[in-house]
Amino acid sequence: MNTTTVIPKAKLTSCERWKLDSFDIPSTEASIKNQQSSNSAQDSDKSAAAQEIETLAQAAKEDGLKQGYEEGYKNGFQEGQNNGYLEGRQQGESEIQAELNQVNSVFNNLNEQIQSIEQQIAQDILTLAINLAKKMITQALTVHPELILPIVQEAASHLQGSEHRLRLFLNPEDAKIIRQYLVEQSSQENWIIHEDTHQERGGCRLEAGGSEIDASMEMRWQRVLTAIGQTDDWIDQ
């Protein structure tokens, strides 16, 4: 069984009639919202602008780095190329100078060797000529022993005017020739002839008083060689 409770009017409290709330935003609140929205938009714009600036700055930085790298690379490459060229040139010049010094040294040594060879050849030729001359003189005296006569006459001419008799020391074979000459020519030469077995044919020794002339083959040969700056014994050792 349902029981219904009725509240007297006198006991009722004041009340208001319920109304459906409106969905419209109050103007102040809307203004705030709009301001916030605007601020958000501005912040968004600022953020986008900052991001864009940052992007541009990053791009500029990258471009600057790239440009700086390229410029640095270019300058460095050019400097390195110049330094490398200079070093290479200096090294090349040093190597060329070393080669030239070596070539000059070779030529100097070659010139010295050529001069030495020329001197040796000249000396060999002179030695050959001396030996030939010695053999020719020996052969001439063998074929023409009468050649002793002008030798004696030339030596005697240096002692002419001496008050002493002239003494001649000759090889026995040459002494025969001189005696024969004196006989044939009826010479009035006051010569005393001595045979000397130690005297080689073609030579003689003369004495007059205290004077003496050595006209031996060996002595005359030494005089000739001394005149041309050479030394060689008439008799081979």
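Filter region 205-237 down to the residues that are open to solvent by less than 30 Å² (accessible area, probe 1.4 Å), modelled with pLDDT under 85 and more than 27 Å from ILE193 (Cα to Cα) and list them by number.
Once the filter is applied, which keeps residues that are open to solvent by less than 30 Å² (accessible area, probe 1.4 Å), modelled with pLDDT under 85 and more than 27 Å from ILE193 (Cα to Cα), region 205-237 yields nothing.
Each row is one residue, and each column tells you yes or no for (1) under 29 Å from LEU225 (Cβ atoms); (2) without any contact (Cβ under 8 Å) to a residue 24 or more places away in the chain.
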| residue | (1), (2) |
| --- | --- |
| ALA129 | yes, yes |
| LYS135 | yes, yes |
| LEU149 | yes, no |
| ALA155 | yes, no |
| HIS164 | no, no |
| PRO172 | yes, no |
| SER186 | no, yes |
| ILE193 | no, no |
| HIS198 | yes, yes |
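Evaluate the following for LEU100: is it of a type in the set (A, V, I, L, M, F, W, C), assigned to a helix (DSSP H, G or I) and surrounded by 10 or more Cβ atoms within 10 Å (Cβ to Cβ)?
yes
Those residues that are open to solvent by 40 Å² or more (accessible area, probe 1.4 Å) and assigned to a helix (DSSP H, G or I), I need them from region 179-198; list them, please.
ARG179, GLN180, TYR181, VAL183, GLU184
Need the failing condition index for ALA208 against (1) closer than 19 Å to LYS134 by Cα; (2) touching a strand residue (DSSP E or B) at 6+ places or on another chain (Cβ under 7 Å), just the number.
Of (1) closer than 19 Å to LYS134 by Cα; (2) touching a strand residue (DSSP E or B) at 6+ places or on another chain (Cβ under 7 Å), only one is false for ALA208: (1).
Restricting to region 122-162, and then to whatever is among the charged types (D, E, K, R) and more than 60 Å from the chain's Cα centre (by Cα), can you tell me which residue is least open to solvent (accessible area, probe 1.4 Å)?
GLU146
Any chance region 168-178 includes a residue that's assigned to a helix (DSSP H, G or I) and modelled with pLDDT under 90?
There is no residue in region 168-178 that is assigned to a helix (DSSP H, G or I) and modelled with pLDDT under 90.
The values are calculated or read from the model by the stated rules, or taken from the named source; none is laboratory data. It should be emphasised that the depicted structure is a prediction, and the values quoted were computed from it without experimental measurement. When we count neighbours, we look across all protein chains shown, and the Cβ atoms used for this are built from the backbone with ideal geometry, even at glycine. Please note that ligands, DNA and RNA were not included when accessible areas were found on the heavy atoms of the full protein model with its side chains. Shrake-Rupley method; radii C 1.70, N 1.55, O 1.52, S 1.80 Å.
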